[in-house]
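K.L.:
Quick one: the structure is below, questions incoming.
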Amino acid sequence: MALVPGRDILAAARRDQYGVGAFNTNDMEITQAIVEAAEAKRSPVLIALSEGGLKYGGAELPKLVIDMAREASVPVAVHLDHGSSYASCLRAIRLGFTSVMIDKSHEEEDVNVRETARVVEAAHAVGVTVEAEIGRLGGVEEHVVVAEEDAILTKPDEAQRFMEASGADYLAVAIGTSHGANKGTGRPYIDHARIRDIASRLPHPLVMHGASGVPEDLVRRLNAAGGELADASGIHEDDVRQAVTEGIAKINTDTDLRLAFTTRVREVLRDDPTQFDPRKILGPARDEMRAVVEARMDVFGSTGRADGWTAG
Ligand code: 13P
């Protein structure tokens with residue numbers, strides 16, 4: 001069990017029609033929250049590190065994450081989120097990641113194909129699997145600020161051409177979501193027909209970025225504890241459930257963990273201004289994040305899937 005290639009987890013998910021969370025980590029507490037939740041829920045999981053997360057965590061963080069993944073009693077993939085270059089993906093592979101994303105979605109199609117194919121060749125040679133992206137999410141991507149109106153939804157015919165030419169294993173699609181805590185007014189529109197169209201042409205697992213639910217209760221508690229988060233909105237759980245039935249297999253979640261962490265830290269410090277023991281501040285934050293991850297696993301349908309699991 002333990003540390004496995006991303007495709008093993010995601011192809012099984014697409015085969016059996018459930019979603020698996022890719023949760024971003026930046027430190028020990030977030031990583032523990034993710035792994036503890038996965039073990040409690042008997043769920044496969046991907047732990048994602050972005051280039052920013054790797055920079056923040058230094059050399060020790062990937063070691064800790066990979067170690068915890070190896071020791072876990074459920075299938076875990078360690079994934080590079082939004083790799084910006086061939087070099088970045090190679091560095092992650094050398095660190096022991098089992099899944100990398102090469103994101104050249106802001107380039108022309110031919111450049112995206114070429115750069116993705118280079119990463120695929122290197123990654124596959126050592127058993128690592130690859131996520132690519134076409135189309136452009138609204139909001140802020142890791143490496144480039146994209147205005148809402150510049151969002152370009154993934155074209156199904158291009159998706160088909162791209163996957164055949166690049167050899168990538170799973171595909172991030174732009175279908176109406178965006179990163180962060182402000183995903184549009186009201187219930188953000190998700191283009192379900194587009195997901196179905198892409199999935200009908202491709203057997204590959206599809207990836208939903210910007211999938212956080214931004215739970216109202218967390219936002220209310222955050223603001224009650226001194227936070228100032230306005231216009232918060234996330235992806236409705238029913239849209240995520242439906243997207244899973246349509247072919248989405250990897251569901252990226254970062255914002256919800258950030259909200260849970262910050263809310264709990266604010267509450268603890270508000271409720272006990274004499275507190276200065278980091279364990280008494282970060283411990284409750286870790287528990288709050290774990291609860292968020294567990295709830296997400298129930299929504300995705302990955303709960304219980306680690307038992308009797310076989311690679312896809
Ligand atoms: P959220 O901001 O919705 O959590 O999305 C995270 C993400 O897609 C990371 O790649």
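The values are calculated or read from the model by the stated rules, or taken from the named source; none is laboratory data. None of the values given here were measured: they were computed from a predicted structure. Virtual Cβ from ideal backbone geometry, glycine too; neighbours counted across all protein chains shown. Accessible surface is based on the protein model in full, side chains and every heavy atom, while ligands, DNA and RNA are left aside. Shrake-Rupley method; radii C 1.70, N 1.55, O 1.52, S 1.80 Å.
K.L.:
Of (1) open to solvent by less than 10 Å² (accessible area, probe 1.4 Å); (2) not in a loop (DSSP other than H, G, I, E, B), Ser212 satisfies all except one. Which?
P.N.:
Exception for Ser212: condition (2).
K.L.:
Whether any residue in the stretch 271-286 is within 16 Å of the ligand (Cβ to nearest atom) and open to solvent by 40 Å² or more (accessible area, probe 1.4 Å) is what I want to check.
P.N.:
no
K.L.:
Hey, does the stretch 231-245 have a residue that's more than 16 Å from the ligand (Cβ to nearest atom) and open to solvent by less than 30 Å² (accessible area, probe 1.4 Å)?
P.N.:
No, that holds for no residue.
K.L.:
Kindly provide the set of residues from the stretch 5-49 that are open to solvent by 10 Å² or more (accessible area, probe 1.4 Å), in contact with a strand residue (DSSP E or B) (Cβ under 6 Å, 6 or more places away or on another chain) and outside any helix (DSSP H, G or I), ordered by number.
P.N.:
Passing the criteria: Pro5, Asn24.
K.L.:
How many residues, within the stretch 91-139, are within 16 Å of the ligand (Cβ to nearest atom), of a type outside the set (Asp, Glu) and outside any helix (DSSP H, G or I)?
P.N.:
The initial filter retains those residues of the stretch 91-139 that are within 16 Å of the ligand (Cβ to nearest atom), namely 92, 97, 99-106, 130-139.
Now restrict to residues that are of a type outside the set (Asp, Glu): 92, 97, 99-102, 104-106, 130, 132, 134-139.
Restricting the remaining residues to those that are outside any helix (DSSP H, G or I) gives 97, 99-102, 104-106, 130, 132, 134-139.
Residues meeting the conditions: 16.
K.L.:
Restricted to the stretch 216-228, and to residues that are farther than 13 Å from Phe261 by Cβ and open to solvent by less than 50 Å² (accessible area, probe 1.4 Å), which residue is nearest to the ligand (Cβ to nearest atom)?
P.N.:
Going residue by residue through the stretch 216-228, those that are farther than 13 Å from Phe261 by Cβ are 216-217, 219-220, 223-224, 226, 228.
If we keep only those that are open to solvent by less than 50 Å² (accessible area, probe 1.4 Å) as well, we get 219, 226.
Working: Val219: 14, Gly226: 22 Å.
Looking at residues that are farther than 13 Å from Phe261 by Cβ and open to solvent by less than 50 Å² (accessible area, probe 1.4 Å), I get Val219.
K.L.:
Counting only residues that are touching a residue at least 60 places away in the same chain (Cβ under 8 Å) and either β-branched (Val, Ile, Thr) or buried (at least 23 other Cβ atoms within 10 Å of the Cβ) (or both), how many does the stretch 109-129 have? I'd like the intermediate steps shown before the answer.
P.N.:
Here is the first cut: in the stretch 109-129, the residues touching a residue at least 60 places away in the same chain (Cβ under 8 Å) are 127-129.
Still in the list and also either β-branched (Val, Ile, Thr) or buried (at least 23 other Cβ atoms within 10 Å of the Cβ) (or both): 128-129.
Residues in the stretch 109-129 being touching a residue at least 60 places away in the same chain (Cβ under 8 Å) and either β-branched (Val, Ile, Thr) or buried (at least 23 other Cβ atoms within 10 Å of the Cβ) (or both): 2 in total.
K.L.:
Also, I was wondering about something else. Is it the case that Thr263 is in a helix (DSSP H, G or I) and within 16 Å of the ligand (Cβ to nearest atom)? Show your work before the answer.
P.N.:
Details: in a helix (DSSP H, G or I): yes; within 16 Å of the ligand (Cβ to nearest atom): yes.
Considered against the rule, which asks whether it is in a helix (DSSP H, G or I) and within 16 Å of the ligand (Cβ to nearest atom), Thr263 comes out as yes.
K.L.:
Within the stretch 197-209, is there a residue that is within 16 Å of the ligand (Cβ to nearest atom), open to solvent by less than 50 Å² (accessible area, probe 1.4 Å) and at pLDDT below 95? Walk me through how you get there before you give the answer.
P.N.:
In the first step, residues of the stretch 197-209 are kept if they are within 16 Å of the ligand (Cβ to nearest atom); the result is 205-209.
With the extra rule that they be open to solvent by less than 50 Å² (accessible area, probe 1.4 Å), the set shrinks to 205-209.
Subsequent filtering for residues that are at pLDDT below 95 retains none.
No, the stretch 197-209 contains no residue that is within 16 Å of the ligand (Cβ to nearest atom), open to solvent by less than 50 Å² (accessible area, probe 1.4 Å) and at pLDDT below 95.
K.L.:
Would it be correct to say that Pro188 is more than 17 Å from the chain's Cα centre (by Cα) and in contact (Cβ under 8 Å) with a residue 60 or more places away in the chain?
P.N.:
Details: more than 17 Å from the chain's Cα centre (by Cα): yes; in contact (Cβ under 8 Å) with a residue 60 or more places away in the chain: no.
Spelling it out, it is not the case that Pro188 is more than 17 Å from the chain's Cα centre (by Cα) and in contact (Cβ under 8 Å) with a residue 60 or more places away in the chain.
K.L.:
Looking at Asp231 and the list (1) over 27 Å from Ala38 (Cβ atoms); (2) outside any loop (DSSP other than H, G, I, E, B); (3) in contact with a strand residue (DSSP E or B) (Cβ under 9 Å, 6 or more places away or on another chain), which single condition is not satisfied?
P.N.:
With respect to (1) over 27 Å from Ala38 (Cβ atoms); (2) outside any loop (DSSP other than H, G, I, E, B); (3) in contact with a strand residue (DSSP E or B) (Cβ under 9 Å, 6 or more places away or on another chain), Asp231 is out only on (2).
K.L.:
Can you go through Arg290, Arg279, Arg286, Arg296 and tell me which one is of a type in the set (D, E, K, R) and over 24 Å from Pro75 (Cβ atoms)?
P.N.:
Values: Arg290 fails: over 24 Å from Pro75 (Cβ atoms); Arg286 fails: over 24 Å from Pro75 (Cβ atoms); Arg296 fails: over 24 Å from Pro75 (Cβ atoms).
The conditions single out Arg279.
K.L.:
Test Asp256 against the criterion of being open to solvent by less than 50 Å² (accessible area, probe 1.4 Å), modelled with pLDDT of 95 or more and acidic (Asp, Glu), and give yes or no. First the steps, then the outcome.
P.N.:
Details: open to solvent by less than 50 Å² (accessible area, probe 1.4 Å): yes; modelled with pLDDT of 95 or more: yes; acidic (Asp, Glu): yes.
Criteria met by Asp256.
K.L.:
Right, something else. Scanning for something among the β-branched types (Val, Ile, Thr) and assigned to a strand (DSSP E or B), does the stretch 51-74 turn up at least one residue? Break it down into steps so the answer makes sense when it comes.
P.N.:
The initial filter retains those residues of the stretch 51-74 that are among the β-branched types (Val, Ile, Thr), namely 65-66, 74.
Checking which are assigned to a strand (DSSP E or B) leaves us with none.
Scanning the stretch 51-74 turns up no residue that is among the β-branched types (Val, Ile, Thr) and assigned to a strand (DSSP E or B).
K.L.:
Continuing with the same structure: Looking at Ala249, is it more than 13 Å from the ligand (Cβ to nearest atom) and outside any strand (DSSP E or B)?
P.N.:
On the way: more than 13 Å from the ligand (Cβ to nearest atom): yes; outside any strand (DSSP E or B): no.
No: the conditions fail for Ala249.
K.L.:
Follow-up. Of all residues in the stretch 287-303, how many are open to solvent by less than 30 Å² (accessible area, probe 1.4 Å) and either of a type outside the set (A, V, I, L, M, F, W, C) or closer than 30 Å to Pro156 by Cα (or both)? Let's see the steps before the verdict.
P.N.:
Let us first name the residues in the stretch 287-303 that are open to solvent by less than 30 Å² (accessible area, probe 1.4 Å), namely 289, 292-293, 296-297, 299-302.
Then drop every residue that is not either of a type outside the set (A, V, I, L, M, F, W, C) or closer than 30 Å to Pro156 by Cα (or both), which leaves 296-297, 299-302.
Summing the residues that are open to solvent by less than 30 Å² (accessible area, probe 1.4 Å) and either of a type outside the set (A, V, I, L, M, F, W, C) or closer than 30 Å to Pro156 by Cα (or both) in the stretch 287-303 gives 6.
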